[in-house]
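Chemist: First, the structure itself, so that you have it in front of you.
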Amino acid sequence: MRILLLVLLLVSYVQVACAVMKLEAKYPYHLEKQGVHTVYEESTVPIYVNLVNFDNAAPVEATVKITLPQGFEPLTEGNEEKWQVVREQDKTIATTKWLLPEDYGQTFDLLYLEAQEGIALGEKQVLVEAQSGAWQDSKVLSFTYAAGQAAPEEVSKGKKKVDRKKFNWYIQSITFPVDSLGLKDDRAEDGVIYVRDTSLEGFRNRMTGEGATSWSSVFNHPAAHLLLELRNPQSDVRVLKFKAELVDKNTGEIVPGLRTAGKVSDDAEQGWHGNDEEKNETTALISLDGNKAPRFILPLYIDYLNILEGEYNLRITISGNGQEKLHEAPVIIAKKHSIGLLAVGFAFVCLLIVLGFSYKIKNCIYRVGAKGAITVALFAAIAFGGITLPTTILGDLLHVFLGPFSGLITGLLNGVLHYLLIMSLLMLFRTPGVLSLMFVVKFMLSGLMFGHFSPLGVLSCCVSIVVLEATLYFSGFYTNTHSKGNFMVLMCFLLGLADAFITFVNLEQMMFFYRLYYADWYLALYMLINGVLYSSIGSWLGYKTGMKLRQVMGE
Amino acid sequence: MSVRQLWEGTDASPWIQKLNGRTKLIVLFLFAILTITIDNPRSLFVLFTLTLLLHVAAGTSIYKWKVLAMLLLLGLWGSMFSQALFFAQSTRTPLFVLIAPDAGFLGTLTGGLYVYREGILYGAVQGLRSASMMSLGLLVCWTSDPRQLLQALIAWRLSPQIAFMLVTAIRFLPVLAAETGEVITALQLRSDSHSGRTAVIRHLPYIAKPLLARCLRRAQILALSVVSRGFFLANANRQSMVWDWREKFCCVTLSVLVAVIVSSKISYLLSEQGFYFGVLRQAYDWTKLYL
């Protein structure tokens with residue numbers, strides 16, 4: 001036992017005293033490819049050097065020395081302080097000093113090596129040496145220096161002149177939208193990106209302070225893919241940064257709309273998350289692998305909460321090694337108005353239901369008799385004269401001063417007075433179909449007197465009939481004839497909720513048919529005040545009025 | 001000119017007064033479909049101008065023109081106002097900040113409220129839809145007697161009982177208005193307040209109950225009268241105005257035209273979603289240019 005403890009102490013002492021280091025080097029280095037050992041004639045390819053250290057008691061300095069064969073030049077433009085280059089007769093030596101962190105660390109760099117003209121083809125070697133205190137290691141990297149690839153037509157024709165002093169890759173073209181395989185669908189319009197409708201989620205997320213609904217959904221299903229074609233006449237191998245941004249056409253400013261996929265660490269939270277550091281842009285790393293005409297299929301991620309539909313310029317920026325290439329293309333962001341479409345679909349279903357049950361409305365007239373029918377007609381006349389007439393004339397006038405918020409004033413008529421009439425009528429004639437009759441007569445009056453015979457008017461009337469009749473029927477209002485206060489409070493609230501839903505469907509229909517915009521918060525405000533609040537109050541007043549009117553009925 | 005005269009079609013040109021109610025209602029409905037189908041601002045403007053030309057042809061009086069102009073301008077203003085606030089397209093240029101995004105709860109709720117320059121123009125263009133419909137709707141109302149339109153609905157097999165209810169409602173509209181006046185007068189006289197007792201707005205919440213009670217009593221009397229004479233359950237007289245074949249032809253032609261336009265628009269919208277048919281390419285081009 002004592003011997004075992006002694007051995008363990010010895011092992012831990014050795015670990016502390018002798019820090020471990022590991023040298024890793026790759027040439028030619030490719031981001032996406034492994035096991036490549038060929039460098040093409042006159043190309044620029046990076047060498048990758050990585051120093052891993054373990055158990056360092058304190059930060060230590062390490063020297064890395066790369067010895068290149070004759071004709072290979074390190075490109076240190078902008079990095080002169082980092083890499084010192086010494087040229088000798090038959091070799092070039094690049095040296096750098098790194099400070100390795102304490103405990104564990106990985107220190108690495110890419111150094112681009114340019115093959116000069118006139119180098120003999122064949123097998124060559126790069127020697128990488130690293131040294132820190134007593135520790136030293138070296139790697140010999142063998143590669144084949146081979147003849148260059150055939151260049152694409154426009155490169156070989158000399159459309160772009162190769163300047164040996166610079167990096168010579170450039171953007172050839174950008175095509176979008178394409179599918180995930182980079183194929184262009186001829187049926188899809190060029191430069192148009194369709195984004196899904198997230199109005200409801202947008203409002204919820206604004207109130208909760210979140211971003212898009214589900215980042216994993218956003219990042220697993222990019223809004224579009226973009227095909228980026230570069231030209232790389234020197235067959236360089238590089239790692240470049242791709243950046244896509246939306247630019248305002250008038251001001252030239254970057255506007256919100258694109259996001260970069262990021263992943264939160266497992267410690268913080270699992271799953272996808274928007275990268276907060278790179279807002280309003282989609283970024284990615286791309287790798288030139290020596291191919292003279294590389295193609296990249298890149299996903300574009302949309303920030304659904306902040307994007308606006310309309311015309312923009314899509315600015316693509318490719319950068320790397322101090323060089324930056326820009327390309328702009330017009331783009332149209334088109335939103336799918338699926339909620340509006342859903343609302344219109346629902347309204348059409350309501351229309352079919354009303355048509356299907358129209359015989360029941362007629363039966364209702366026989367059930368309530370002449371007295372009931374005339375009462376309904378007179379109530380509809382009051383609704384027309386007291387609601388439709390003033391809201392048509394005064395509503396427009398109020399619009400001048402209050403704009404869209406005039407609805408909150410006219411809502412006193414549309415909500416309170418309307419539901420007062422409905423509820424008091426229902427208290428007098430508590431039978432299915434009475435409410436529908438009143439809506440039909442009111443709609444026709446409005447059509448005959450103001451010419452309001454429009455598809456939207458018909459659909460809105462049908463939505464109101466179906467939703468309210470369904471609410472009354474399924475809540476047991478028609479069967480529970482001896483209802484007391486509590487039940488009626490619940491009924492009034494239910495009618496308020498039903499009216500909020502009707503308001504939502506009608507506003508969505510209006511936005512769809514008349515191509516109007518209303519903010520999500522405005523819809524919510526309208527639903528809450530005009531729908532729930534006014535209609536519930538109106539229903540309660542209607543209940544009270546209806547109870548009094550019953551006495552008049554009995555006279 | 002009184003409000004009643006305003007809603008009477010007696011001063012319109014004879015040709016439009018003579019038109020069958022069915023023709024007017026069909027044209028009105030098809031026109032409404034056209035306005036919600038078309039997106040092109042120029043085409044929308046052409047439709048709007050067409051309705052104004054129809055007013056000219058119908059001999060709309062100066063007074064009615066003034067009323068029409070006022071209603072159209074107010075409607076357009078409303079559309080411009082709302083779209084200036086809620087315009088959600090790029091590019092948009094804020095002219096004023098009404099609520100800053102960091103202005104407490106309201107800022108958080110609205111995400112900032114601005115008046116956008118592009119929204120004003122957009123609202124004006126989109127407002128042409130409702131303006132066109134309002135203009136044609138008023139033309140139909142100002143050139144038709146409600147009975148003419150009601151006859152058209154009865155000719156389309158509208159239930160005679162619903163037609164009776166409609167007639168009752170129209171007949172009693174002025175009576176109800178007069179009764180409302182009486183109730184307000186009574187409330188003013190009974191008011192124990194010394195200040196503002198004559199203000200109508202003060203008595204509005206108390207109008208409903210007496211007015212509805214009077215309605216009920218009137219309904220009881222009317223019902224007795226109607227039932228005793230056997231009016232209510234009798235079938236309506238469906239002998240309506242003769243529908244001229246030329247009007248029928250115009251309605252059929254317009255229906256076909258609207259059906260073609262709507263189909264073209266729907267096929268174009270479907271093509272944007274991937275349902276593209278090569279044979280319809282010319283229709284797509286036409287739709288994109290004019291619709």
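The values are calculated or read from the model by the stated rules, or taken from the named source; none is laboratory data. None of the values given here were measured: they were computed from a predicted structure. When we count neighbours, we look across all protein chains shown, and the Cβ atoms used for this are built from the backbone with ideal geometry, even at glycine. Each accessible area value is taken on the protein alone, full model and side chains, heavy atoms only, with ligands, DNA and RNA left out. Shrake-Rupley method; radii C 1.70, N 1.55, O 1.52, S 1.80 Å.
Chemist: Assuming 0.36 nm per residue, please report the length gained on full extension of the stretch A:Tyr359 to A:Ile332 beyond their Cα-Cα distance.
Modeler: Answer, rounded to one decimal: 4.8 nm.
Chemist: Still on this structure, please answer the following. Tell me, what is the FRET efficiency for A:Thr38 and A:His221 to the nearest 0.05, using R0 = 30 angstrom and their Cβ-Cβ distance as r?
Modeler: My answer for the efficiency is 0.20.
Chemist: If you don't mind, another one. If you put +1 on each Lys and Arg Cβ and -1 on each Asp and Glu Cβ, how big is the dipole of segment B:3-144 around its Cα centre, in Debye rounded to 20?
Modeler: For segment B:3-144, the charge dipole is close to 400 debye.
Chemist: Among the trypsin sites (Lys or Arg not before Pro) within segment A:319-366, which fall in a DSSP loop and have no more than 16 other Cβ atoms within 10 Å of their own Cβ?
Modeler: Sparse-neighbourhood loop trypsin sites (Lys or Arg not before Pro): A:Lys336.
Chemist: For segment B:4-137, count the residues as N, evaluate 2.2 N^0.38 Å, and divide the Cα radius of gyration by that value, please.
Modeler: Its radius of gyration relative to the 2.2 N^0.38 Å reference: 1.35.
Chemist: Using 0.36 nm per residue, how much length does the chain from A:Asp179 to A:Ala120 gain when fully extended, once their Cα-Cα distance is taken away?
Modeler: 16.9 nm
Chemist: Determine the relative contact order of chain B: mean sequence separation of Cα pairs under 8 Å and six or more apart, normalised by residue count, in whole percent.
Modeler: Value for chain B: 26 percent.
Chemist: Let me see the P(r) profile for the protein assembly as shown: every Cα-Cα distance counted, bins of 20 Å, each bin given as a percent of all pairs.
Modeler: The distribution over the protein assembly as shown is 12, 33, 25, 15, 11, 3, 0, given as percents.
Chemist: Taking only protein heavy atoms and a 1.4 Å probe, what accessible area per residue, in Å², does segment B:3-144 have with all protein chains in place?
Modeler: Accessible surface, normalised per residue, equals 43 Å².
Chemist: Between A:Asn291 and B:Ser255, what is the FRET efficiency for a Förster distance of 60 Å, r being their Cβ-Cβ separation, to the nearest 0.05?
Modeler: Taking R0 as 60 Å, the efficiency between A:Asn291 and B:Ser255 is 0.50.
Chemist: Applying 1/(1 + (r/R0)^6) with R0 = 22 Å to the Cβ-Cβ distance of B:Ile99 and A:Thr251, what FRET efficiency is obtained, to the nearest 0.05?
Modeler: Working from the Cβ atoms, E equals 0.50.
Chemist: At a 1.4 Å probe, what is the % contribution of carbon and sulfur to the accessible area of the protein assembly as shown?
Modeler: Accessible surface attributable to carbon and sulfur in the protein assembly as shown totals 61 percent.
Chemist: A further question on this structure: Using unit Cβ charges (K, R positive; D, E negative) and no other charged atoms, how large, in debye to the nearest 20, is the dipole of chain B about its Cα centre?
Modeler: 780
Chemist: Tell me, what is the per residue accessible area of segment A:19-146 in Å², probe radius 1.4 Å?
Modeler: Ligands and nucleic acids excluded, the figure is 52 Å² per residue.
Chemist: Report, in deg cm²/dmol and to the nearest 500, the calculated mean residue ellipticity at 222 nm for the protein assembly as shown, where each DSSP H run with n ≥ 4 adds -39500 (n - 2.57) and the sum is divided by the residue count.
Modeler: -16000 deg cm²/dmol
Chemist: Which net charge results when you count Lys and Arg as +1 and Asp and Glu as -1 among the other residues whose beta-carbon is under 13 Å from that of B:Leu211?
Modeler: So the surrounding residues net to +3.
Chemist: Something else about it: Greater than 25 Å separation of Cα atoms is the criterion. Which listed pairs, A:Lys26/A:Lys325; A:Lys65/A:Lys325; A:Lys26/A:Lys82; A:Lys26/A:Lys91; A:Lys241/A:Lys336; A:Lys33/A:Lys91, meet it?
Modeler: As for pairs spanning more than 25 Å Cα to Cα, those are A:Lys26/A:Lys325; A:Lys65/A:Lys325; A:Lys241/A:Lys336; A:Lys33/A:Lys91.
Chemist: What is the interface area between chains B and A, defined as buried accessible area summed over both chains with a 1.4 Å probe, reported in Å² to the nearest 100?
Modeler: 6800
Chemist: Check each residue of segment B:97-124 and keep those whose accessible area, probe 1.4 Å, is at least 30 Å² smaller with all protein chains in place than in the chain alone; give them in order of residue number.
Modeler: Output list: B:Thr108, B:Leu109, B:Thr110, B:Tyr122.
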